[in-house]
Amino acid sequence: MDLFKVYPLFDIKPVRGEGCNVYDENGQAYLDLYGGHAVISIGHGHPHYIERVKAQLEALPFYSNSVQNELQEALAAKLGQVSGCENYHLFLCNSGAEANENALKLASFRNGKSKVIAFRQGFHGRTSAAVRITDNPKIVAAINEGFEVAWHELNDTSGVLESLSQGDICAVMVEGIQGIGGIYVPDPSFLKAVAAACREQDAVLILDEVQSGYGRSGAFFAFQHAGIVPGLITVAKGMGNGFPIGGVLIHPEFEAGYGMLGSTFGGSHLACAAGLAVLEVIEQERLMDNAAAVGQYLMEELRTFEQVTEVRGMGLMIGASFDFPVSALRNQLLFEEKVFTGSASCPRTLRLLPPLSLSKEEASLFLEKLHTVLKRMPQTKAV
Ligand SMILES: Cc1ncc(COP(=O)(O)O)c(C=O)c1O
């Protein structure tokens, strides 16, 4: 059998990881400014993570959701404590799309409505409802077009309030920071106005923190910079540092009912051990503070590059726009300078999503390598 080829691949085979580096089969190190797409939160091969996951693998990796699982309780308690969202309840699943799918379903169960407000350039995953509110027609099949969507530009406060005032909106789903769209931060005043209008109109505000959560923005959740209280918060990516795990944080105004949501694998013993190890390391190593400090340093330095037209983001979720498309730059960084970086749907944006443990020295090394590549490259103005 051959693979169903849906991913364009770089010709590189990482076989091992440590801290902010991955190594190929020849022992060549690559500095990881991409974090495997914002997944590696605490760094590759963290000893505490390995120890906790190994011990759980040997003890009991999985039993079904029909028995007591104290690790789920421990994970919920720790997530509440580290995030500051202590009064929320937790539903565990396996991915970001699944978290968003369940959040949309919960919102609709609660208010009986189905129309959703979503944002241009947004991404929420590839399952049926999540992809319906993802702004990319190429990945939406006819079978996914199951409910009405009101599309708005991010930060279009008056447009969103106008849509909400019709009274037929089930949910507003917004990323804590737009990721794939190119790192666009919602205005705190926009989030505050939308949160208040959602409450008035019996609509549920869902914060997709799949990419921007788990400390990446320097706060546990990006929306916390705006001081709002969402009805539902979705998480995945950094939650397991590579172990597939996702979750929905559910405001206490939602009432649970047996059978309402479910998952075979969600919240397995092994996934919970990985999730607990991540939270313990984030707390012990003060990774949110590190993300804020190193992120600020990187953003300030990037703004001094003459080819950089704009730097957006918070913490270690950074988008740098250049005055030319960045694909050749990314290739040179990867193949010549051995640095992984990310792209965005906007071709001129370089996206940086390193492990939250990135040191200032590693950030400087990246900046040096970026300088080297830019010096070497012909100044490709826009094509
Ligand atoms: C903001 C956001 N939401 C949801 C998803 C989907 O997550 P997953 O690929 O785990 O389904 C992603 C993935 O990139 C994302 O960036």
- Query: For the stretch 268-301, what are the residues that are in contact with a Pro (Cβ under 8 Å, 6 or more places away or on another chain) and either modelled with pLDDT under 95 or buried (at least 19 other Cβ atoms within 10 Å of the Cβ) (or both)?
  - Reply: Ser268, Leu270, Ala271
- Query: Only one residue in Gly125, Gly27, Gly36, Gly112 is within 16 Å of the ligand (Cβ to nearest atom) and surrounded by fewer than 22 Cβ atoms within 10 Å (Cβ to Cβ), so which one is that?
  - Reply: Gly36
- Message: Of everything in the stretch 162-181, what is away from the ligand (no atom under 12 Å from the Cβ) and buried (at least 16 other Cβ atoms within 10 Å of the Cβ)? Give them in sequence order.
- Response: Ser163, Leu164, Ile169, Cys170, Ala171, Val172
- Among the residues of the stretch 228-248, write down those that are assigned to a loop (DSSP other than H, G, I, E, B) and closer than 18 Å to Gly80 by Cβ. Ile228, Val229, Pro230, Gly231, Ala236, Gly240, Ile245
- Query: Counting only residues that are in a loop (DSSP other than H, G, I, E, B) and away from the ligand (no atom under 16 Å from the Cβ), which one in the stretch 191-219 is nearest to Tyr297 (Cα to Cα)?
  - Reply: Gly218
- Task: Could you grab the pairs with beta carbons closer than 6 Å, sequence gap of 6+ or different chains, first residue in the stretch 147-162 and farther than 22 Å from Val131 by Cβ, second one loosely packed, with under 15 Cβ neighbours inside 10 Å?
- Result: Asn155/Asp187
- Note on the structure: Output for Cβ contacts, cut-off 9 Å, separation at least six or different chains, first residue touching a residue at least 40 places away in the same chain (Cβ under 8 Å) and at negative phi in the stretch 57-76, second surrounded by fewer than 14 Cβ atoms within 10 Å (Cβ to Cβ) and not in a helix (DSSP H, G or I), reads Ser64/Thr264; Asn65/Gly262; Asn65/Thr264; Asn69/Tyr63
- Query: For the subset of the stretch 77-105 comprising residues that are small (Gly, Ala, Ser) and over 13 Å from Ile245 (Cα atoms), which member is nearest to the ligand (Cβ to nearest atom)?
  - Reply: Ala103
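The values are calculated or read from the model by the stated rules, or taken from the named source; none is laboratory data. All values reported here derive from a predicted model rather than from experimental measurement. Every residue, glycine among them, receives a Cβ derived from its backbone with ideal geometry; neighbour counts consider all protein chains shown.
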